[in-house]
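Visitor: Can you read through this structure? Questions will come right after.
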Amino acid sequence: MNTNIINKKINTVLIVLFALYLSSALILTILRLSGLNYNGPVLDEKTYKTEQIVSSGNIIMDFDAFFEASFPYRNAIISIHRTDIQRFEAPYRHGLYKLLSEKLYSGYSRSFLAPLIDGETLYGREDWLFFTGGDSVKYYRNKKPLSEEMMSEWLASFEALESVCNEKGIRLAIIIAPNKEQVYGEYMPSYTIDSGPKRDELLEKYVTENSSINFCYLIDEMKASKSTREIYYRQDTHWNNLGAFAGVMSVYESLGLPVTDIEDVQIIETVKSGGDISNFCGYITDYPDYLIDYNPEIKPQQESLEGGTFRSFCPERTGKIVWIGDSFKNYVTKYISKDFEQTLILHRDYTERNYTIEMLKSLGRGDILVMEAVERFDYTLAPSCLETAEILKNSFS
């Protein structure tokens, strides 16, 4: 038989098998949603545990969830694809792109770097990546004005929470963690930045001048802490262990609590590869990371709950703390869990859970409540403060 005919048949068979492989998740989902007694378990790729997917009532969403959990080697295929993209695009990003920028913008300084955006990734200098979601670039360029009327409305929400905290003797701190590009602007591409104080600098000034609220936009603290080591991940949106430590100690200082100097703890230098921004674009390099051996003699009992909620009990300590924030909260747990008898750290979306309500209602004189948001989510602080205030009010009844 002709070799070409054999090869053609083999290719046809392979294509058909691959098509069946890809469509298997859809077929199984349709069977399940059609009530045809499909009760098979779903393999979660991250935990390698079986779990039953609960129907949302939307076949498209159900299929998407089922496909993500059921498609074998999905993560490996995506990783290979991203690696290939990185391999082919690297010569352009680090060679031709730079030469073209210099030619096109020859009237500018040799340090000029034109912005290159891939989805929600902004390529910076020296392998730094920045997140463009949440209007981050507008925050950086000072193009997200905040009216005095809006600041007044936010302040009213903060004061509502402060009032109920004062009644119960709870010490309150409201903080904004800076976006990475505000701290490491030297690695950003060349942008024009509107002059004058930035949005959250103005908010901090307004709140402190018009109230007694313990409010802080941590930009000065972060810039002061970056002098010797990196405090944000190069290819991730978050502060690293050092940045989180600096943030926690800034909160402690604002509340009059004992503060540990970074030079008094053991710092172990390690290496990190990529980060959440790398996952968006596939560009991954190695860069310095740090571990902090904070109060190693303290061994709190720790528990992880849904949505990244963290709870701990430390009998060697006294007092309680609740930290309500966003994903930046994940990096503070290893410090504050060793400084309080009871700790609860949660995302603002989980405030109405029973364990959160019980912990908030149990807060009393001398206990701590921290409301945190990263800069690009500063607008979430006001509604989160109002929601928390309502829970605390109900604890009086």
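Visitor: Would you be able to say whether some residue in the range 236-256 is closer than 18 Å to GLY124 by Cβ and among the aliphatic types (A, V, I, L, M)?
Guide: no
Visitor: Restrict the check to the range 268-276 and report whether at least one residue is in the same structural domain as ILE368 (by TED's automatic domain parsing), free of Cβ contacts under 8 Å to residues at least 12 places away in the same chain and within 16 Å of ASN295 (Cβ to Cβ).
Guide: no
Visitor: Here's a follow-up. For LYS138, which of the numbered conditions (1) modelled with pLDDT of 95 or more; (2) crowded, with 16+ Cβ neighbours inside 10 Å; (3) within 22 Å of ILE277 (Cα to Cα) fails to hold?
Guide: LYS138 satisfies every listed condition except (2).
Visitor: So for the range 351-364 (the condition being over 24 Å from the mean Cα position of the chain (by Cα), within 17 Å of CYS165 (Cβ to Cβ) and touching a residue at least 60 places away in the same chain (Cβ under 8 Å)), does at least one residue qualify?
Guide: Within the range 351-364 (the criterion being over 24 Å from the mean Cα position of the chain (by Cα), within 17 Å of CYS165 (Cβ to Cβ) and touching a residue at least 60 places away in the same chain (Cβ under 8 Å)), the answer is yes, since at least one residue qualifies.
Visitor: While we're looking at this one, here's another question. Restricting the first residue to the range 301-315 and requiring it to be at negative phi and in a loop (DSSP other than H, G, I, E, B), which pairs with a second residue that is charged (D, E, K, R) and surrounded by 15 or more Cβ atoms within 10 Å (Cβ to Cβ) meet a Cβ separation below 6 Å and a spacing of at least six or different chains?
Guide: Note: pairs meeting the criteria are CYS314/GLU341.
Visitor: Turning to a different aspect of this structure: If ILE193 meets every condition in (1) within 30 Å of ARG317 (Cβ to Cβ); (2) β-branched (Val, Ile, Thr); (3) not in a helix (DSSP H, G or I) apart from one, which number is that one?
Guide: Only one criterion is unmet by ILE193, namely (1).
Visitor: State whether one or more residues within the range 304-311 are more than 22 Å from ALA173 (Cα to Cα), buried (at least 16 other Cβ atoms within 10 Å of the Cβ) and either in contact with a Pro (Cβ under 6 Å, 6 or more places away or on another chain) or of a type in the set (D, E, K, R) (or both).
Guide: no
Visitor: Continuing with the same structure: Does the range 149-166 contain at least one residue that is in contact (Cβ under 8 Å) with a residue 60 or more places away in the chain and outside any helix (DSSP H, G or I)?
Guide: For the range 149-166, residues in contact (Cβ under 8 Å) with a residue 60 or more places away in the chain and outside any helix (DSSP H, G or I): absent.
Visitor: While we're on this one: Residues GLU162, GLU148, GLU181: which one is surrounded by 18 or more Cβ atoms within 10 Å (Cβ to Cβ), at pLDDT 95 or above, over 20 Å from the mean Cα position of the chain (by Cα) and of a type in the set (Asp, Glu)?
Guide: The match here is GLU162.
The values are calculated or read from the model by the stated rules, or taken from the named source; none is laboratory data. Just so it is clear, the structure is predicted and the values come from calculations on it, not from any experiment. As a convention, Cβ positions derive from the backbone with ideal geometry for all residues, glycine included, and neighbour counts pool all protein chains shown.
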